[in-house]
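The values are calculated or read from the model by the stated rules, or taken from the named source; none is laboratory data. Since we're looking at a predicted model, the values are computed, not measured. Heads up, the Cβs are rebuilt from the backbone with ideal geometry, glycines too, and the neighbour counts pull from every protein chain shown. The accessibility values were calculated without ligands, DNA or RNA, using every heavy atom of the protein model including side chains. Shrake-Rupley method; radii C 1.70, N 1.55, O 1.52, S 1.80 Å.
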Amino acid sequence: MRYLPLTPEDRAQMLAKIGVSHIDELFRDVPKEALLDKPVNLPPHATEMQVEADFRAFAARNLAAGDAPFFIGGGAYRHHVPATVDYMIQRGEFLTAYTPYQPEISQGTLQALFEFQTQVAQIFGMDVANASMYDGSTAAAEAVLMARRITRRKKAIISGSLHPQYIDVINCTTAFTEDVTVINPVAVDGVEDLIGQIDDETSCVVVQNPDFFGNLQDFSQLAEAVHEKKALLIVVVTEVVSLGAIKSPGEMGADIVVGEGQSLGVGLNFGGPYVGLFATKQQYVRQMPGRLCGVTKDADGKRGFVLTLSTREQHIRREKATSNICTNAGLCTLAFSIHMTLLGEAGFRKLAKINHAKAAILANRLAALDGVEVLNKTFFNEFTVKLPRQAAPVVEELVERGVLGGLPVSRLYPDDKALENLLLVAVTETCSDEDLDTLVHELKEVLK
Amino acid sequence: MTTYYTDEHEWIRVDGEIGTVGITDYAQEALGDIVFVELPEVGATHKKGDEAAVVESVKAASEIYAPVDGEVTEVNDALEGEPALVNSSAEADGWFYKVKITNTADLEGLMDADAYKKFVEGLN
């Protein structure tokens, strides 16, 4: 696309056409005192070399995830992304992630999306998955909206051990819909009476596994209770690698499963872009948001891939679309899919095992430190530790010692005094034995 | 029994206080292969003009509007497994739902078969 700047004549013509004599008139609705009447106060122009040097100096003040023993999780996990992933996603065939409306020229992208959907449906234990959502939290919000469309009820019951940022996104989205959210009090141990809250108004119950504090649960009983009231069970997964080791949400009876797919292929990326996963049962496929890719046969009987059920979507039925979540994380789905393909089922299971084994070792070693308590009865690769003092300053002191020791829970619950000593510790395959030694040693020093 | 037609291409066949609602042959022809019909819930009440159902073809998804005020008494479950019934038999086996008509005056503004035929000819 060429960039053609407007000439003064162009501007004059446009202003004349809409009957305005000067461009300032377009801003006449803005109160005078709100208008800026002098130049913006910016530093004078610097050379490119100077700017680069400044930014290098700023960057050097960071302690980056890859430069230190790293134990931070809380919904985004540092995993090793094989070099093959980056090489593959940069191939020209994949360089546009734009929605492939024309199947005749987009078979490569469509096939990749179809395989992504298949992988997501398999790990979640569900019938059908879409491709894809922005990220885990927006996928969770979409799941709540979908449950209302299906049940024609409005009340969503949200677990107190769901990731607090997911709760925020659900609240933000449902502020503009008819949904009503009932947020449970924080449940550090994952124990809460959700079953007792389900009534005839309930559209869905939203839970997370492993939950925000790392606890693992089997939601089979909850699923039964939810279904008895003709409501839906939504299970959120923020660490998909866990599914290589634990029972899938589908096996527990979930109706909608959403997740964050960042752990596979995507990397931490400074917090985004990530990739939202979304899967459901076949019977609900028409109420599912987002794009679906299907496999079919062409006129010659050859296998081909196409977008399907598009009449639910906003490019055909704008105001009646199942959702107006209107873009996708195409390149991240591709990265996820390539990473998953490289692992295969055996590799995926092995990766999960390594994560859990390392986490178990660290949990035992931390629990042996004076004044340190591991709160979880169960966990996958992340657990909650109670320190003898506030966790946030401890983490700062660990940073001074070159260790990124975990996520202070107070970071996400700044006003809850009862949580200020809690530290979330995540351990993945990227943590070496030396890294574990370093954390245990430095934490011991800091707590002295 | 009398059948009435709307300018949105729904028909309603009235038998006493019960009306059977569907879309016209003209409508199914215009929509093309129908792949899904989202039916209302039994017991739902509609005002005339409310969105009562959605019909989805390979080309588009369209709303079906209630031709009269009333309460849904029955839906055509056969459409769930075989939406193509709407194509093959739009004005008989492909009916959508039955409604208990609460306000018979609603029928007065609708077209009879002849008027609808002329209306459709005017569209072509």
- Give the residues of region A:35-71 that are closer than 30 Å to A:VAL385 by Cβ, aliphatic (A, V, I, L, M) and without any contact (Cβ under 8 Å) to a residue 40 or more places away in the chain, sorted by residue number. A:ALA64
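Residues are listed down the side, and each one gets a yes or a no for (1) closer than 22 Å to A:GLY290 by Cβ; (2) without any contact (Cβ under 8 Å) to a residue 60 or more places away in the chain; (3) within 14 Å of chain B (Cβ to nearest Cβ):
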position: A:GLY75; (1), (2), (3): yes, no, no
position: A:PRO82; (1), (2), (3): no, no, no
position: A:LEU113; (1), (2), (3): yes, no, no
position: A:MET133; (1), (2), (3): yes, no, no
position: A:GLY160; (1), (2), (3): no, yes, no
position: A:ILE170; (1), (2), (3): yes, yes, no
position: A:THR181; (1), (2), (3): yes, yes, no
- Item | Check on A:SER137, in a strand (DSSP E or B) and on the phi < 0 side of the Ramachandran plot | no
- A:THR296 meets each of (1) farther than 27 Å from A:LEU145 by Cα; (2) polar (S, T, N, Q); (3) part of a loop (DSSP other than H, G, I, E, B) with one exception, condition (3)
- Item | Residue, farthest from the chain's Cα centre (by Cα), within region B:52-100, restricted to residues that are hydrophobic (A, V, I, L, M, F, W, C), part of a strand (DSSP E or B) and within 14 Å of chain A (Cβ to nearest Cβ) | B:ALA61
- Note on the structure: How many residues of region A:93-105 are open to solvent by less than 60 Å² (accessible area, probe 1.4 Å) and free of Cβ contacts under 8 Å to residues at least 60 places away in the same chain? The answer is 0
- Query: Going by the conditions given, is A:THR341 within 14 Å of chain B (Cβ to nearest Cβ) and over 28 Å from A:LEU145 (Cβ atoms)?
  - Reply: no
- Query: Which ones in region A:293-312 are open to solvent by 20 Å² or more (accessible area, probe 1.4 Å) and within 14 Å of another protein chain (Cβ to nearest Cβ)?
  - Reply: A:THR296, A:VAL306, A:LEU307, A:THR308, A:LEU309, A:SER310
